[in-house]
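J.: Here it is, the structure, as structure tokens.
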Amino acid sequence: MRKELREATLPIALPAGTPPGAEGHRERMRTRLLRAGADALADYELLEMVLYIALPRRDTKPLARALLAEFGSFPAICAAPVNALLAIDGIGEAAAATLKVVQAAALRLARGELADRPLLSNWDRLIGYLTAALAREKTEQCRVLFLDNRNRLIADEVMGRGTVNHTPVYPREVVRRALELQATALILVHNHPSGDPRPSPEDVEMTREVKQAAALLGITLHDHVIIGNGAWCSLRREGVLG
């Protein structure tokens with residue numbers, strides 16, 4: 001028997017006070033995960049496994065189902081604001097922090113897929129990362145992707161946070177930061193919490209202002225991407241950038 005399969009069958013040492021029956025249930029889930037992969041587990045089971053890291057003495061199945069009932073999906077739970085998570089009966093700071101760690105790990109894995117790759121030729125991966133980072137945000141957030149002369153990612157930075165329908169972005173600050181990072185190109189990104197990624201007149205005006213300010217210093221604005229709920233819009237494809 002392979003080493004990892006032998007290990008998967010070893011009993012889990014659970015803390016004193018763990019609910020009756022939890023040991024066998026958790027061991028079965030762990031074995032399925034290691035043998036068949038994450039697709040062998042339902043969303044509520046993955047949540048159970050995450051939550052019992054923070055809550056080892058609790059039966060986490062009812063809590064996992066309550067979270068799914070409130071937020072709708074595993075990704076939406078991990079992306080939920082901390083105060084919304086803490087409003088769920090049974091979720092304390094330890095459980096909320098564990099869920100946010102899962103979100104942070106997922107984003108870092110997605111961003112890692114972009115490392116040392118020209119972003120313009122890895123568009124699908126870029127959109128996947130931006131969707132994971134922004135699609136479930138409840139307020140607008142503007143990020144700037146700073147690129148080198150081979151269009152590889154130097155930095156992804158939040159340059160503005162706003163309300164449900166507006167984020168102030170200052171072209172001078174965007175360009176100043178690009179010079180500090182020695183970036184030669186930019187991609188603007190922001191989200192529409194409404195879920196509709198169509199650009200507003202203000203989005204179009206801001207895009208043209210940033211393009212003009214950047215061009216004065218030899219910096220290229222490749223695109224401005226707006227992330228909605230399951231949809232996105234490229235202002236270059238819309239003809240705004242020419």
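J.: Can you tell me which residue among 120, 109, 179 is farther than 30 Å from residue 75 by Cα and in a helix (DSSP H, G or I)?
T.: Details: 120 fails: farther than 30 Å from residue 75 by Cα; 109 fails: farther than 30 Å from residue 75 by Cα.
Being farther than 30 Å from residue 75 by Cα and in a helix (DSSP H, G or I) holds for just one of 120, 109, 179, which is 179.
J.: Out of all the residues in the range 123-153, which are assigned to a helix (DSSP H, G or I) and in contact (Cβ under 8 Å) with a residue 12 or more places away in the chain?
T.: Here is the first cut: in the range 123-153, the ones assigned to a helix (DSSP H, G or I) are 123-134.
Hits for the range 123-153 are 125, 126, 127, 128, 129, 130, 131, 132, 133, 134.
J.: Working only within the range 26-73, note down all residues that are polar (S, T, N, Q) and within 20 Å of the chain's Cα centre (by Cα). Step through it out loud before you land on a result.
T.: Taking the range 26-73 first, the residues polar (S, T, N, Q) are 31, 60, 73.
Result: 73, single match.
Listed here are the residues, each with its yes/no results for (1) loosely packed, with under 15 Cβ neighbours inside 10 Å; (2) within 19 Å of residue 207 (Cα to Cα); (3) assigned by TED's automatic domain parsing to the domain that holds residue 68; (4) not polar (S, T, N, Q).
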{"position": "93", "(1), (2), (3), (4)": "yes, no, yes, yes"}
{"position": "102", "(1), (2), (3), (4)": "no, no, yes, yes"}
{"position": "121", "(1), (2), (3), (4)": "yes, no, no, no"}
{"position": "130", "(1), (2), (3), (4)": "no, yes, no, yes"}
{"position": "139", "(1), (2), (3), (4)": "yes, no, no, no"}
{"position": "142", "(1), (2), (3), (4)": "no, yes, no, yes"}
{"position": "147", "(1), (2), (3), (4)": "no, yes, no, yes"}
{"position": "174", "(1), (2), (3), (4)": "no, yes, no, yes"}
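J.: Which of the numbered conditions does residue 209 fail, given that it passes all the others? Conditions: (1) outside any strand (DSSP E or B); (2) surrounded by fewer than 22 Cβ atoms within 10 Å (Cβ to Cβ); (3) touching a residue at least 40 places away in the same chain (Cβ under 8 Å).
T.: So residue 209 meets the others, but not (3).
J.: Right, another one. What's the total number of residues in the range 97-140 that are among the basic types (Lys, Arg) and in contact with a strand residue (DSSP E or B) (Cβ under 8 Å, 6 or more places away or on another chain)?
T.: Filtering the range 97-140 down to residues among the basic types (Lys, Arg) leaves 100, 108, 111, 117, 125, 136, 138.
Filter once more, so that each one left must be in contact with a strand residue (DSSP E or B) (Cβ under 8 Å, 6 or more places away or on another chain): 111, 117.
Residues that pass the stated criteria total 2.
J.: Do you know which residues across the range 74-109 are under 12 Å from the mean Cα position of the chain (by Cα) and of a type in the set (Gly, Ala, Ser)?
T.: 76, 79, 80, 104, 105, 106 - these are the residues of the range 74-109 that are under 12 Å from the mean Cα position of the chain (by Cα) and of a type in the set (Gly, Ala, Ser).
J.: Moving on to the next point. Taking the options 62, 81, name whichever one is over 30 Å from residue 196 (Cα atoms) and either at pLDDT 90 or above or outside the structural domain of residue 157 (by TED's automatic domain parsing) (or both). Even if it seems obvious, please write down each step before you answer.
T.: Working: 81 fails: over 30 Å from residue 196 (Cα atoms).
Going through 62, 81 in turn, just one is over 30 Å from residue 196 (Cα atoms) and either at pLDDT 90 or above or outside the structural domain of residue 157 (by TED's automatic domain parsing) (or both): 62.
J.: What do you reckon, is residue 69 free of Cβ contacts under 8 Å to residues at least 60 places away in the same chain, small (Gly, Ala, Ser), under 27 Å from residue 233 (Cα atoms) and part of a helix (DSSP H, G or I)? Working first, answer last.
T.: Working: free of Cβ contacts under 8 Å to residues at least 60 places away in the same chain: yes; small (Gly, Ala, Ser): yes; under 27 Å from residue 233 (Cα atoms): no; part of a helix (DSSP H, G or I): yes.
Against the criterion (free of Cβ contacts under 8 Å to residues at least 60 places away in the same chain, small (Gly, Ala, Ser), under 27 Å from residue 233 (Cα atoms) and part of a helix (DSSP H, G or I)), residue 69 does not qualify.
J.: Take the conditions on the phi < 0 side of the Ramachandran plot and out of contact with any helix residue (DSSP H, G or I) (no Cβ under 6 Å at 6 or more places or on another chain) and apply them to residue 136. Does it pass? Steps first, answer last, please.
T.: Numbers: on the phi < 0 side of the Ramachandran plot: yes; out of contact with any helix residue (DSSP H, G or I) (no Cβ under 6 Å at 6 or more places or on another chain): no.
Considered against the rule, which asks whether it is on the phi < 0 side of the Ramachandran plot and out of contact with any helix residue (DSSP H, G or I) (no Cβ under 6 Å at 6 or more places or on another chain), residue 136 comes out as no.
The values are calculated or read from the model by the stated rules, or taken from the named source; none is laboratory data. In this text, all values refer to a predicted model and were calculated from it rather than measured experimentally. Glycine also receives a Cβ, built like all others from the backbone with ideal geometry; neighbour counts cover every protein chain displayed.
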